[in-house]
Amino acid sequence: MALTYAELAMVFRQRYDRGGYHAAAFYRAFFAGGPDHWKALPAFTASPRLAQSVAADLRHRPLTCLRREEQEGAIKLVFALADGMSVETVVIPMAHHTTVCISCQVGCRMGCGFCETGQMGLLRHLTPDEMVGQLHAVKVGLGMDVRNVVFMGMGEPLDNFDNVIQAIRVLSDQRGLNVALRRITLSTAGVVPGIQRLTALGWPQLKLAVSLNAAEETLRSTLMPINRRYGLSSLKAALAGYPLARGNVLLVEYVLMRGINDQEAHADQVAAFLDGLSARLNLIPYNPRYRSPYQAPTETDIHRFQQALIHRNVFVRLRSSKGAGMRAACGQLGVACNSRRRD
């Protein structure tokens, strides 16, 4: 699951002296069904020696689902990896489609104080096939029609840049899982060099989301240590340079925490940061992590801050959270993978 069709076709030419016919048959069957479905295709039953060689060379281990929880339609899946580690994936039902929230790392090195995954530290990067395998398990294993994929699970995507980009190439391949690039969103805590590398790829249809959470240097550095390295001015400059397809906007995520970043002055700072950017702010009421020092806002807090942003001409959308009761909401992934800290 780590190769695009074009890359696989090259392997078939170089290793087996076969063309696109066999590569396309293998690729479609692999992603439509599973790692063994290609064996029953005429292209391979007619060539036993080829089938034997391909089977011997194939290195693929499907993800094993250790746990499945469901609440309010949202599904949290805990997958075992080949080395015994695990990651969490969330399936999010929307009004007219289904979104899958993919993890890209076991843990995360960003250390954001409000985030469960950030308390783990970085244990390792996920490989492209481990990321693609999460979506494959949902589409094929659960039989769900998925339209959107968001890299908003465990880990910082731009800290695992090469593997994430390869995973996106595979996910969007029309002969495989065929998730349109415009239906994929990559979220970052603000890794400026990664945003710049992403900009250089020239993928304007890929949606970019940035976790802001404060638009004042000291507060953001307290909540998100990455701000000490890449401050707000450099982050804004990188975002301003990101290419956007017609109709696309930058997605700015703002996790609202009671008494921390929910005052009128904070709304002023957010409006100033967004000024000049083609952006939409997603307002996310905080979902407390395990033993969190921060509190979720009340409905009154949320409405007051939302109105403060609107009065400052900020394009804001209130994001509802699903799955908080099973710790599957934004910022809560990782408890099942980090049992050492649990009571």
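The values are calculated or read from the model by the stated rules, or taken from the named source; none is laboratory data. From a predicted model like this one, the values you see are computed outputs, not experimental measurements. We place every Cβ from the backbone using ideal geometry, glycine too, and count neighbours over all the protein chains shown. Remember, those area values only see protein heavy atoms, side chains included, never the ligands or the DNA or RNA. Shrake-Rupley method; radii C 1.70, N 1.55, O 1.52, S 1.80 Å.
Being over 18 Å from Pro293 (Cα atoms) and either in contact with a Ser or Thr (Cβ under 8 Å, 6 or more places away or on another chain) or polar (S, T, N, Q) (or both) is the filter here, so list the residues in region 253-270 that pass it. Scanning region 253-270 gives Glu253, Gln263, Gln269.
Yes/no per residue for (1) farther than 22 Å from Cys104 by Cα; (2) touching a helix residue (DSSP H, G or I) at 6+ places or on another chain (Cβ under 8 Å); (3) not hydroxyl-bearing (Ser, Thr, Tyr):
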site: Trp203; (1), (2), (3): no, yes, yes
site: Leu206; (1), (2), (3): no, yes, yes
site: Ala214; (1), (2), (3): yes, yes, yes
site: Tyr230; (1), (2), (3): no, yes, no
site: Asp268; (1), (2), (3): yes, no, yes
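Whether a residue is open to solvent by 50 Å² or more (accessible area, probe 1.4 Å) and not in a strand (DSSP E or B) was assessed, and Gly111 does not pass this test. Taking the condition of being open to solvent by less than 50 Å² (accessible area, probe 1.4 Å) and either touching a Phe, Trp or Tyr at 6+ places or on another chain (Cβ under 6 Å) or over 19 Å from Leu66 (Cβ atoms) (or both), how many residues in region 133-153 meet it? Residues meeting the conditions: 5. Considering region 21-31 alone, what residues qualify as being under 23 Å from Leu142 (Cβ atoms), touching a helix residue (DSSP H, G or I) at 6+ places or on another chain (Cβ under 8 Å) and either open to solvent by 80 Å² or more (accessible area, probe 1.4 Å) or among the hydroxyl-bearing types (Ser, Thr, Tyr) (or both)? The one that is under 23 Å from Leu142 (Cβ atoms), touching a helix residue (DSSP H, G or I) at 6+ places or on another chain (Cβ under 8 Å) and either open to solvent by 80 Å² or more (accessible area, probe 1.4 Å) or among the hydroxyl-bearing types (Ser, Thr, Tyr) (or both): Tyr27. Residues that are surrounded by fewer than 18 Cβ atoms within 10 Å (Cβ to Cβ) and either touching an Asp or Glu at 6+ places or on another chain (Cβ under 7 Å) or of a type in the set (D, E, K, R) (or both) number at least 2 in the following helices (runs of 4 or more DSSP H) confined to region 184-297: 264-274.
Looking across region 162-183, the residues that are assigned to a helix (DSSP H, G or I), farther than 23 Å from Val78 by Cβ and either touching a Pro at 6+ places or on another chain (Cβ under 6 Å) or open to solvent by 20 Å² or more (accessible area, probe 1.4 Å) (or both) come down to Asp162, Gln166, Arg169, Leu181, Arg182, Arg183.
Of all residues assigned to region 111-118, at least one qualifies as being in contact with a helix residue (DSSP H, G or I) (Cβ under 6 Å, 6 or more places away or on another chain) and at positive phi. Yes or no: Leu158 in a helix (DSSP H, G or I), modelled with pLDDT of 95 or more and more than 29 Å from His22 (Cβ to Cβ)? Judged against the criteria, Leu158 is a match.
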